[in-house]
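Undergrad: Mind looking over this structure? Questions follow.
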Amino acid sequence: MKQKVFGLGFHKTGTSTLATALHKLGYQVVGQQNAHAHELISGNVRFFKELAEKYDAFEDDPWHLLYKEMDQAFPGSKFILTDRDVDAWYKSCLNHFYEDTTPIRDYMYGNGAPKDNEVRFKEVYLKHQEEVKAYFADRPDDFLIINFTAGEGWEKLCPFLGVPVPEEPLPHANKGLYTKTPNSFKKKLWLFYKKMYAFLYHKIYRPIFK
């Protein structure tokens, strides 16, 4: 079994790119767990430890919130903090989520919708980055900071993981998806998905966590 790899970056910092890259390197990756938000909110860390037994790599919500617990549960794991300029990160959150939220983002920010919530979003983001860096400060073999938006890629990721650099370029997931023309099919489909998710969440799921 491969050593486990935990992505510690917030959403919109390149987590999808990290997941795609790890998948291409042969890792079995699991992503966000919004369907199990109640387990996180209730403090059931055991649930996520048991889930982590089944996979090699982890990214997005809620894994970045559980790095201390996963570090203790799986010694020898690798931890990767996907980094991004805070202003660019918030702008991406605003373009991507706008007024939409999820139980986990509500748990993280108090109000998980980025619209009119810039100060709180940036405050939580920067605090997380600082705390993660401080926690792994003396463990360079276990911890990597990578910024895909700044052009970093295989040449930094692969030596850290101890694997050969692939010949193909690093895949940048979601790049440009939200800057297409307003009439693009992808954007229309994504906006439809967001509206449906928001409707279902606010009508069905959100009352459960109040």
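Undergrad: Please report the relative contact order for segment 1-133, taking Cα pairs under 8 Å with a sequence separation of at least 6, and give it as a percent rounded to a whole number.
TA: About 33 percent, as a whole number.
Undergrad: Given the pairs 2/91; 24/115; 12/49; 12/78; 54/91, which are separated by over 32 angstrom at their Cα positions?
TA: In this structure, 2/91; 24/115; 54/91 exceed 32 Å between Cα atoms.
Undergrad: Work through the residues other than residue 39 whose Cβ is under 13 Å from its Cβ and net out their charges, Lys, Arg +1 and Asp, Glu -1. Spell out each step's value before the answer.
TA: Numbers: positive: 46, 49; negative: 50, 61, 69.
Local charge sum for residue 39: -1.
Undergrad: Something else about it: Under a point spin-label approximation (7 Å from Cα along Cα-to-Cβ), what is the residue 95-residue 131 distance to one decimal in nm?
TA: Between residue 95 and residue 131, the label points sit 2.9 nm apart.
Undergrad: Also, I was wondering about something else. Return the FRET efficiency for the residue pair residue 88, residue 163: r is the Cβ-Cβ distance, R0 is 35 Å, and the value is rounded to the nearest 0.05.
TA: 0.75
Undergrad: While we're looking at this one, here's another question. Note the full-extension length gain between residue 51 and residue 68 as 0.36 nm times their separation in residues minus their Cα-Cα distance, in nm to one decimal.
TA: That works out to 4.5 nm of additional length.
Quick note: the coordinates plus some simple rules give every number you see, no bench work behind them. Predicted model only: the values in this text are computed from it and were never measured. Counting neighbours? That spans all protein chains shown, and the Cβs are built from the backbone with ideal geometry, glycine included.
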